[in-house]
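Just passing along the structure, written as structure tokens.
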Amino acid sequence: MATNIAILRRPLDPTGAWAWITTVDHKKIGVLYGLTAFAFFILGGVEALVMRLQLAQADLNVVSAATFNQMFTMHGTTMIFMVVMPAGAAFFNFLVPLQIGARDVAFPRLNALSYWLFLFGSILMNFSFFTGSAPDMGWFAYAPLTAANFSTSSSVDYWILGLQVMGVGTLAAGFNFVITIINMRAPGMTLMRMPVFTWMTLIVSFLIIFAFPVITVAITLLLFDRMFGTNFYDITAGADPLLWQHLFWVFGHPEVYILILPSMGIVSDILPTFSRKPLFGYVTIVLAGAVIAFLGFGVWAHHMFTVGMGRWATSAFAVATMAIAVPTGVKVFNWLGTMYGGSIQFRTPMLFALGFISLFMLGGLSGVMHAVVPVDLHQQDTYFVVAHFHYVLFGGSIFGLTAATYYWFPKITGRMMSESIGKTHFALMFVGFNLTFFPMHFLGVLGMPRRIYTYAPDMGWSGTNMAVTIGAFVIAVSIAVFLYNMVRSARVGQPAGANPWGAATLEWSIESPPHHYNFAIVPTIRSQHPLWDEEANTVEPPPLPYVDESSIHMPSPSYWPLLLAMGVTLVAGSLLVWQAHAIAGLTMGAASGALALISVYRWVFEPAVATEVAEGAAAHH
Amino acid sequence: MAAQHDLHHEEHTEKHPSPRRYIQIAVVLCVVTLIEFLIFYGNWDSATMTGIILLLSGLKFLLVVGYYMHLKFDNWRFSAFFFFPFIIMISIMVALMALFSNLTR
Amino acid sequence: MQYLARSPEAEHATTTGLNNRKLLMWAFLGSDAMFFGPLIATHLIYRTESLQGPIEEILNIPVTTISTFVLLMSSLAMVLALAGIQQGKMGTFRFWTAMTALLGMVFIGFQMVEFTEFAKHGLTPRTNLFGSTFLTLTGFHGAHVTVGIIWLWSLFFASFRGKVKQENSLDVEIAGLYWHFVDIVWIVIFGVIYLVGAFGVEDRVLEGAHALAGLGG
């Protein structure tokens, strides 16, 4: 490769940490996403515990009001953008190519770029803790509160720039999975034979590429206001105070479905396995997912009923919001129908899937209550809303993702997770969850506003708040049990074999953990349940023909995704430096911009499969 | 692989319009722009003028997308990928403008 | 054998038979439409909300019509470049690619002159809502054009190193899709923001002209 000069020679066969840093393998990237998301899950959880300590009793002074603001802002931002989305991405990455019979995603290096942008963007935002200006304005950062004259520290800038970097990575991942699922399916894997998880990944990826540009615009305009003195959110220049809210929620509501649909897909894959019968109403479940996503673009203003949009707009958004309950209800009935008459096995993944259905349904019900405008006017910004979105995001998304972890851990590591510890984990988490979030409904109805850092003893909220705090610590214990189970099982768990659960989908047809090329021979799919139907139809599986591994060309590792992500993140960081010191910021911006540009060029002119590898293989033949 | 590529290539040259057609489209685009320019200085009421300009701009848009970007001749999936978000966006824009006007109050 | 950013999968048959990167570009363009949409909507929402300073009367329709011609012609040059490389005529490809990039640069030149004129007459992104929304929208469009210019010159120079050839004309086609998209965004901006926008302020156009004359003198 002529262009490959001595510095940064392409890592052809890296080992140890370099194998991970330069990887373009979707399975390794998936594991990186998962581990990073779990680390941020603990961080976000600690932030929640700090809040719960502060609120355990009236008039406590565990943290200052300012710190409390940082805690709830970073807790929300972390859990949404650094935990649930990347944890979903972890499973998209690991599973989607396996479920559709592909050897990798459509754009392996772009995939690595997505991960590094997510990691560096998260670090950039959390770096604000060290400068003492962590974001403190709530995760939806309402302008004009976040304008330069009201939020004078650089906290909002960290939030914008961190989100911007992560957003670019998320968009890249969205494109990647859309193309992968449309274009990389094995022969015979028609759209209507895809596992529901892959379907939901496709829908979520479309939501990402359609919704994220809108938040990109919203935060870019805010950044311009703060750094360059434009007037988008400046009321004194005639700006409308609702512009941010509209732009934010045009993104924000599809975002909600970006968070929940992966878990719906997970549960739709787990239930058939442990009910020993095919999913009830596959087509309706898929269509319901698509309808939910589509309607999700038309309901954003239900987050804004209290701002006074006028009765027509309010009614339209209320009706559209209630309409979403229909496809959601369809899904719940399909899940119940799947279990009906099945021989149900209560293994740990199944327990979490059942937890998902019950808790998500409660969250869905309180969601419909919010669609009733007169009721919503009373619930807005109270703990009732906090209870609602934790039932859908924690009881929904996190329970689903935990189910996925137990279910696919054997595929990822080759070892089973402990059932007994897993069931302890489930019991603790289910009880802790409900002890934490169910009483919040009552607190909300009693009028406790969200985001207050303390309250007076005579409000009558003290006992309930104490219960909530105890619940939060029960959840913390359950997460410790979860972590212990994962670490222990990865080392000494029972060997899993290819298909420990007797599941039907394609990923279970190959070794656990899979070879780096996934499928020695790209399979041909003949049904929606390839493993179940093959087993039923054939007396014994046909012997695998000998495959010469060196004839399989996998994309080679690369430095450029990592360096490009670094360049982009440092450009974002240089804006922060620029605010403090113009020359230093410009220098840093120019240097990191050059790094990014060089990385793009080197990436573009670098063949996906290193020439040495291709030539070596050719010589081998 | 090479054979596949050639096949792909042949399909393309077959489907793509000729340079002559490209130039014809360019002439139409210029003429329409000129008409738009003249309409701007004409004596119309605001609503009519807005309607005509939107129509003519839409025509130019479709000509470029259909011929220069080959959507007219290409696989339907490309059109779906492009027009689906486009329609969502137009709907959201119309809704936003209605929300910020006094129409919905 | 070296191609521009060719992924190994692109050479295998894909499920739909469509090229991965071309599908990616179309998905990106759909997504990019979702980026320009809110910018245009914000401008339209704030059209009449500026409290001070020059607004649409400052737009120079004749000059912008010329720059619109320039961008439309660059799209023609782009398809001719693609037709050239598809027929293996490297000279034709290089000529029209350079022409596309040059016309793009002329367009950017027009935009720089326009922005400078605005600044002279007291309209900057800080002046009022019109300045913020208009300059951000057209500025982002200009940034897209600039990326396209860099891309086209990259293809142009790479062709001398044998990296752009008839068999990977798809690389040019994809760059072309991006370029035409930037063109259609401008078609919308010219129609909706310039013509319809400035038309509503006919009387103010005259006032503005007087004001400009006053400022100039």
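List every DSSP H helix in chain C whose Cα atoms extend 18 Å or more along the helix's own long axis and whose mean Kyte-Doolittle hydropathy is at least 1.0.
Details: long enough: C:20-45 (38 Å, 0.85); C:61-86 (38 Å, 1.81); C:90-120 (45 Å, 0.85); C:129-160 (47 Å, 1.31); C:170-188 (27 Å, 1.33); C:202-216 (21 Å, 0.11).
Long hydrophobic helices here: C:61-86, C:129-160, C:170-188.
If you don't mind, there's one more thing I want to ask. Of the candidates C:Gly162, C:Gly176, C:Gly139, which one comes out as most mobile in a Gaussian network treatment of chain C with C-alpha springs shorter than 10 Å?
It is C:Gly162.
Enumerate the amide H contacts of C:Asn60 below 5 Å, restricted to partners 5 or more residues apart or on another chain; note that Pro and chain-start residues carry no placed amide H.
HN-HN under 5 Å from C:Asn60: empty list.
Then there's this: What base-10 log of the normalised intensity I(q)/I(0) is obtained for region B:24-105 from the Debye formula, alpha carbons as equal point scatterers, at q = 0.16, 0.19 Å⁻¹?
-0.84, -0.99
Give me the mean projected area, in nm² to one decimal, of the convex hull enclosing the Cα positions of chain C.
About 13.5 nm², averaged over all directions.
State the Cα centre-to-centre distance between region A:475-499 and region A:349-378 in whole Å.
For region A:475-499 versus region A:349-378, the Cα centre distance is 29 Å.
Right, here's the next one. Return the whole-Å distance between the Cα centroid of region B:28-47 and the Cα centroid of region A:572-597.
Each part reduced to its Cα centre gives a spacing of 45 Å.
I've got another one for you. If each residue's Cβ is checked for other Cβ atoms within 10 Å, how do C:Lys22, C:Lys120, A:Lys411 rank with the fewest at the top?
Ascending Cβ contact count within 10 Å gives the list C:Lys120, C:Lys22, A:Lys411.
Taking a temperature of 20 °C and a viscosity of 1.002 mPa s, what whole-number D in µm²/s does Stokes-Einstein yield for region A:383-478 with Rh from Kirkwood over alpha carbon pairs?
Values: Rh = 14.7 Å.
For the chosen part, D equals 145 µm²/s.
Compute the FRET efficiency between A:Phe333 and A:Ile452 as 1/(1 + (r/R0)^6), taking r as their Cβ-Cβ distance and R0 = 56 Å, and round to the nearest 0.05.
Working: r = 39 Å, r/R0 = 0.70.
Rounded to the nearest 0.05, the efficiency is 0.90.
Rounded to two decimals, what is the ratio between the C-alpha radius of gyration of region A:102-240 and 2.2 N^0.38 Å?
1.31
Same structure, new question: If you take the charge dipole of chain A about its Cα centre, with +1 on Lys and Arg Cβ and -1 on Asp and Glu Cβ, which of A:Leu145, A:Val50, A:Thr230 is farthest toward its positive end?
The one lying farthest along the dipole's positive direction is A:Val50.
In debye, nearest 20, what is the charge dipole magnitude of chain C about its Cα centre with +1 on Lys and Arg Cβ and -1 on Asp and Glu Cβ, if you could check?
Charge dipole of chain C: 780 debye, to the nearest 20.
Please work out the C-alpha center-to-center distance from region A:255-304 to region A:104-132 and express it in whole Å.
When both Cα centres are located, 27 Å separates them.
Normalised by the number of residues in chain A, what is the relative contact order in percent for Cα pairs under 8 Å and 6+ residues apart?
18
Among A:Trp159, B:Trp44, which comes first, second and so on when ranked by fewest other beta-carbon atoms within 10 Å?
B:Trp44, A:Trp159
So for region C:79-197, what are the equivalent ellipsoid semi-axes in whole Å, largest first, each being the square root of 5 times an eigenvalue of the Cα gyration tensor?
Details: eigenvalues 231, 36, 22 Å².
With the √(5λ) rule applied to region C:79-197, the semi-axes are 34, 13, 11 Å.
Please list, or write none, the lysines whose alpha carbon is within less than 26 Å of the alpha carbon of C:Lys22, excluding same-chain residues fewer than 8 places away.
Correct list for C:Lys22: A:Lys27, B:Lys15, B:Lys60, B:Lys72, C:Lys89, C:Lys163, C:Lys165.
Another one. Using the alpha carbon gyration tensor of region A:43-162, what are the three equivalent-ellipsoid semi-axes (square root of 5 times each eigenvalue), largest first, in whole Å? Let's see the in-between values first.
Numbers: eigenvalues 227, 65, 22 Å².
Values for region A:43-162, descending: 34, 18, 11 Å.
On to the next question. Averaged over every viewing direction, what's the projected area of the C-alpha convex hull for chain A? Give it in nm², one decimal, please.
On the way: hull surface 116.4 nm².
Taking the Cα atoms of chain A, their convex hull projects to 29.1 nm² on average.
Would you work out the Kirkwood radius for region A:1-99? I mean one over the mean of 1/r across all pairs of different Cα atoms, in Å.
It is 16.4 Å.
Bear in mind these aren't lab numbers, they're just calculated from the coordinates by the rules spelled out. Fair warning: this is a prediction, and the values are worked out from it, not measured in the lab. When we count neighbours, we look across all protein chains shown, and the Cβ atoms used for this are built from the backbone with ideal geometry, even at glycine.
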